[in-house]
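*Asks:* The structure follows.
The values are calculated or read from the model by the stated rules, or taken from the named source; none is laboratory data. Keep in mind that this is a model prediction, so the values were computed, not measured. Cβ: placed from backbone, ideal geometry, glycine included. Neighbour counts: every protein chain shown. Each accessible area value is taken on the protein alone, full model and side chains, heavy atoms only, with ligands, DNA and RNA left out. Shrake-Rupley method; radii C 1.70, N 1.55, O 1.52, S 1.80 Å.
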Amino acid sequence: MSWNLDSDRPIFIQIIEHLEYDIVSGSMPPGAKVPSVRELASEAAVNPNTMQRALSEMERQGLMRTERTSGRYVTDDESVITSLKKNLASVGVDGFIKQMKRLGLDREEVLKLVKDNY
Amino acid sequence: MSSLLEVNSLTKKYGNLTALNNLNFELESGHIIGLLGPNGSGKTTLIKIICGLLQPTSGSVMVEGNPVGVESKKVISYLPDTTYLGNAASVQETIDFFMDFYEDFDQDRAYDMLGKLGIDPSAHLRTLSKGTREKVQLILVMSRRADLYILDEPIAGVDPAARDYILNTIITNYDEKASILISTHLISDVENILDEVIFLKQGEIVRFCGVDEIRSNEGKSVDGLFREVFKC
């Protein structure tokens, strides 16, 4: 039931990250209805106010929209999702490169490793 | 109107001992607030004054603009840190008693929660284990439609699985206008559901801030900060 949230980073940021992955991976597809704040809060075992804050922030970023009477939906603008995917991927790759540098591997070695293992 | 609870220069002395020293704070509606502090820091004293069980030495407490009294007790649902239910009655009889006592008591909610925790309503309280009795007490307290829930050590005696369920109950069962004040030592278990924390040290407030503020400004968990502030 829990989302494995870390207690030493702001919870609402981690909620956003979690939901972003859900959107990019397609487990929350474009145009899908987002569960209510309360349901999500209970699933993530967090305070509803924190969940509300995370969802509002995602709305501000254009990843979700609220329809006045029927609730909240994932955006159906594929370009927003594609650019989110790019962002998340580049953050992941940056982290990976840093780690490989710490191991003392150069560009060619890393590329070869990636090709061999992917 | 958003001020649910107002505490003004509140002081409580037990003889020579100052338990609370000139406390000033306000709580708003719709928040979950952790009241944290080491043993003997004044948490229970503060709670008892808000609930009208102790008289302050000086200062005042206002609940929705009313002084502590009949009106304030109507809107506060309080879970004490000790057991207060008689042994003679069954769970069901205790629920009936609460129904008579509190006009905002929601019976369906109580039976629903009992069912989910697998507690038999016909069981006598004296046959229940300490942990189960604590669960029953919490269910009774959370089944009221109150504006302010004050929970003094609500999860100390229950197992981790039930703890998760109880926290979930707390999150899902309070409505947006209500606030919850939780006093506890088990910070890491509750910190993800808190909005704000009050750190109490020797009767004084040393911190009153948002939990995500702590995480982003100090890069530590509330539990981590607590261990630092109250390092022995």
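*Asks:* Extension gain B:GLU176-B:PHE97, at 0.36 nm per residue separation less the Cα-Cα distance, in nm?
*Replies:* Computed gain between B:GLU176 and B:PHE97 is 25.7 nm.
*Asks:* Given points 7 Å out from each Cα along the Cα-Cβ axis, report the B:ALA161 to B:ALA89 separation in nanometres with one decimal.
*Replies:* Rounded to a tenth, the inter-label distance reads 2.9 nm.
*Asks:* Would you kindly give the portion of the calculated P(r) for the protein assembly as shown that falls above 34 Å, as a percent of all Cα pairs?
*Replies:* Percentage above 34 Å: 37.
*Asks:* Could you work out [θ]222 nm for chain B from helices alone, using -39500 (n - 2.57) per DSSP H run of at least four and dividing by all its residues? Round to the nearest 500 deg cm²/dmol.
*Replies:* -10000 deg cm²/dmol
*Asks:* Could you calculate the FRET efficiency of B:SER122 with A:ASN117 from 1/(1 + (r/R0)^6), where r is the beta carbon distance between them and R0 is 56 Å, rounded to 0.05?
*Replies:* For B:SER122 and A:ASN117, the calculated efficiency is 0.35.
*Asks:* Please name the residues of the range A:3-20 whose accessible area, counted over protein heavy atoms with a 1.4 angstrom probe, falls by no less than 40 Å² between the chain alone and the full protein assembly.
*Replies:* Listed in order, they are A:SER7, A:ASP8, A:PRO10, A:ILE11.
*Asks:* For the protein assembly as shown, what does the accessible surface come to per residue with a 1.4 Å probe? Please give it in Å².
*Replies:* I get 51 Å² per residue for this part.
*Asks:* What FRET efficiency would be calculated for the residue pair B:SER188, B:THR11, taking the C-beta separation as r and a Förster radius of 25 Å, to the nearest 0.05?
*Replies:* Calculated value: 0.20.
*Asks:* Here is a further query. Using protein chains only (no ligands, no nucleic acids) and a 1.4 Å probe, work out which residues of the range A:22-52 have their accessible area cut by at least 30 Å² relative to the chain alone.
*Replies:* Residues passing the criterion (a loss of at least 30 Å², heavy atoms only) are A:ARG38, A:SER42, A:ALA45, A:ASN47, A:PRO48, A:ASN49.
*Asks:* Okay, moving on. In Å², nearest 100, what accessible area do chains A and B bury in total when the solvent probe is 1.4 Å?
*Replies:* The contact between B and A buries close to 1500 Å².
*Asks:* Something else now. Ignoring ligands, DNA and RNA, what percent of the accessible area of the protein assembly as shown is carbon or sulfur (1.4 Å)?
*Replies:* Looking at the protein assembly as shown in its full context, I get 50 percent from C and S.
*Asks:* Between beta-carbons, use under 11 Å as the cut-off and find the net charge around B:ASP195, counting Lys and Arg +1, Asp and Glu -1.
*Replies:* -4
*Asks:* On to the next question. Give me Rg/Rg_expected for the range B:29-145, where Rg uses Cα atoms only and Rg_expected = 2.2 N^0.38 Å with N residues.
*Replies:* 1.17
*Asks:* What does the charge count around B:PRO154 come to, taking other residues whose C-beta lies under 10 Å from its C-beta (Lys +1, Arg +1, Asp -1, Glu -1)?
*Replies:* Counting the neighbours of B:PRO154, the net charge comes to -2.
*Asks:* In whole Hz and in residue order, list the ³J(HN,Hα) couplings for the range B:198-213 that follow from phi through the Karplus curve 6.51 cos²θ - 1.76 cosθ + 1.60, θ = phi - 60°; x for Gly and Pro.
*Replies:* Each residue's phi maps through the Karplus curve to give 10, 9, 10, 9, 6, x, 10, 7, 9, 8, 8, 7, x, 6, 5, 4 Hz.
*Asks:* Can you work out the PRE-style zone for A:ASP94? Point 7 Å along Cα to Cβ, and I want the residues of the range A:6-30 with backbone N under 18 Å.
*Replies:* A:10, A:13-14, A:16-18, A:20-21
*Asks:* Something else about it: Longer than 21 Å from Cα to Cα, which of B:LYS13/B:LYS201; A:LYS85/A:LYS112; B:LYS13/B:LYS48 are they? Say none if no pair is.
*Replies:* A:LYS85/A:LYS112
*Asks:* By how many degrees, between 0 and 90 and to the nearest 10, does the Cα long axis of helix B:160-173 differ from the longest principal axis of chain B?
*Replies:* So the inclination is approximately 80 degrees.
*Asks:* Relative contact order of chain B: what whole-number percent is it, with Cα pairs under 8 angstrom and at least 6 residues apart?
*Replies:* 27
*Asks:* How long are the semi-axes of the equivalent ellipsoid of the range A:1-76, defined as square roots of 5 times the Cα gyration tensor eigenvalues? Whole Å, largest first.
*Replies:* For the range A:1-76, the ellipsoid semi-axes come out as 19, 13, 11 Å.
*Asks:* Between B:VAL229 and B:CYS209, what length in nm is gained on full extension when 0.36 nm per residue of separation is reduced by their alpha carbon distance?
*Replies:* Fully extending the segment from B:VAL229 to B:CYS209 adds 5.8 nm.
*Asks:* If you line up the long axis of helix A:78-102 against the longest principal axis of chain A, both from Cα atoms, how many degrees apart are they, to the nearest 10?
*Replies:* Approximately 40 degrees, to the nearest 10.
*Asks:* Are there any residues in the range B:209-232 with a reduction of at least 40 Å² in accessible surface when going from the isolated chain to the assembly of protein chains? Probe 1.4 Å, please list them by number.
*Replies:* At a threshold of 40 Å² (probe 1.4 Å), the residues of the range B:209-232 that become less exposed are B:ASP212, B:ARG215.
*Asks:* A:ARG9 to B:GLN107: FRET efficiency via 1/(1 + (r/R0)^6), r the Cβ-Cβ distance, R0 41 Å, to the nearest 0.05?
*Replies:* 0.50
*Asks:* Counting each DSSP H run of 4 or more residues in chain A as -39500 (n - 2.57), what helix-only mean residue ellipticity at 222 nm follows after dividing by all residues, to the nearest 500 deg cm²/dmol?
*Replies:* Rounded to the nearest 500, it is -20000 deg cm²/dmol.
*Asks:* Also, I was wondering about something else. Where does helix A:107-117 land angle-wise versus the long Cα axis of chain A, in degrees 0 to 90, nearest 10?
*Replies:* Compared with the principal axis, the helix lies near 70 degrees.
*Asks:* Around B:ARG207, what is the net charge, scoring Lys/Arg as +1 and Asp/Glu as -1 over all other residues with Cβ under 12 Å from its Cβ?
*Replies:* Residues close to B:ARG207 contribute a combined charge of -4.
*Asks:* For A:GLU59, project a label point 7 Å along Cα to C-beta. Then give me every residue of the range A:1-28 with its amide nitrogen under 16 Å of that point.
*Replies:* Within reach of a label on A:GLU59: A:16.
*Asks:* Ordering A:PHE96, B:PHE105 by how much accessible area each has at a 1.4 Å probe, largest first, what is the list?
*Replies:* I get A:PHE96, B:PHE105, largest accessible area first.
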